[in-house]
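The values are calculated or read from the model by the stated rules, or taken from the named source; none is laboratory data. What you see is a predicted model, and the numbers here were worked out from it, not measured in a lab. No Cβ is skipped: glycine too gets one built from the backbone with ideal geometry, and neighbour counts run over all protein chains shown.
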Amino acid sequence: MNIKIIAIHLFFVFWLFISCHSKVDVSETKVTLTPISSKKVKTPDEIKADSALESRIDKYKKAQAIEELATKEAVELAAKNSWESSKAGKIQKNHPNWTKEDCESVAKKFIWIGMTYEMLAEIKGDPDDENSSNYGAGIEWQWCWNKGKPSCFYSEIWNKTSLNDLKIRAYN
């Protein structure tokens, strides 16, 4: 073998030996650790405590919702009882197809154009006189009471439905 090749091999082995066995000075080396997460890892006891707290909060929210619902239902029941015991509520009980506003107006004895004969009779009672007239367009009714003002009321044209459903078109 050639001396040059042997010298290169020896140099390479020597260099490899030195590289592997040399001492490295790490006194000047700085190591920085970067945390993966800034959150603190909770212990099992902390997790149980958080879970218990969440459970208590949920129970409190449910109890609060139940209390609010019960209060709302109590208010609605009180309003319903108040309405049913009022004069207007009693009128509506006898006339369920009348609106609440109509019942309140009848209870206050208000008279208005467009109210039905039945509403008028609820306020004034049965008329002292009632007359039908036909002036060519159809039958119209006149109802008169001897007491109180206004005393006479006139209906729209009757189309053979119930007289109670006729609406007042005028009065004097």
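Structure values in brief
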read-out: Pairs where the first residue, in the range 129-152, is touching a residue at least 12 places away in the same chain (Cβ under 8 Å) and under 24 Å from K109 (Cα atoms) and the second is in a strand (DSSP E or B) and among the charged types (D, E, K, R), C-beta under 6 Å, 6+ apart; value: W143/E130; C144/D129
read-out: Residues (part of a loop (DSSP other than H, G, I, E, B) and surrounded by 12 or more Cβ atoms within 10 Å (Cβ to Cβ)) located in the range 139-160; value: W145, P150, S151, E156, I157
read-out: Residue among K40, K48, K4, K59 that alone is basic (K, R), assigned to a helix (DSSP H, G or I), at pLDDT 75 or above and loosely packed, with under 10 Cβ neighbours inside 10 Å; value: K4
read-out: Some residue of the range 58-67 being closer than 17 Å to D165 by Cα and acidic (D, E); value: no
read-out: Whichever residue in the range 95-111 is part of a helix (DSSP H, G or I) and either among the small types (G, A, S) or in contact (Cβ under 8 Å) with a residue 24 or more places away in the chain (or both) and, among such residues, is farthest from D165 (Cα to Cα); value: A107
read-out: Identity of the residue in the range 121-138, part of a loop (DSSP other than H, G, I, E, B) and modelled with pLDDT under 90, that ends up surrounded by the fewest Cβ atoms within 10 Å (Cβ to Cβ); value: G136
read-out: Residue within the range 71-85 that is of a type outside the set (D, E) and under 14 Å from N164 (Cα atoms) present; value: no
read-out: Some residue of the range 149-164 being touching an Asp or Glu at 6+ places or on another chain (Cβ under 6 Å) and small (G, A, S); value: yes
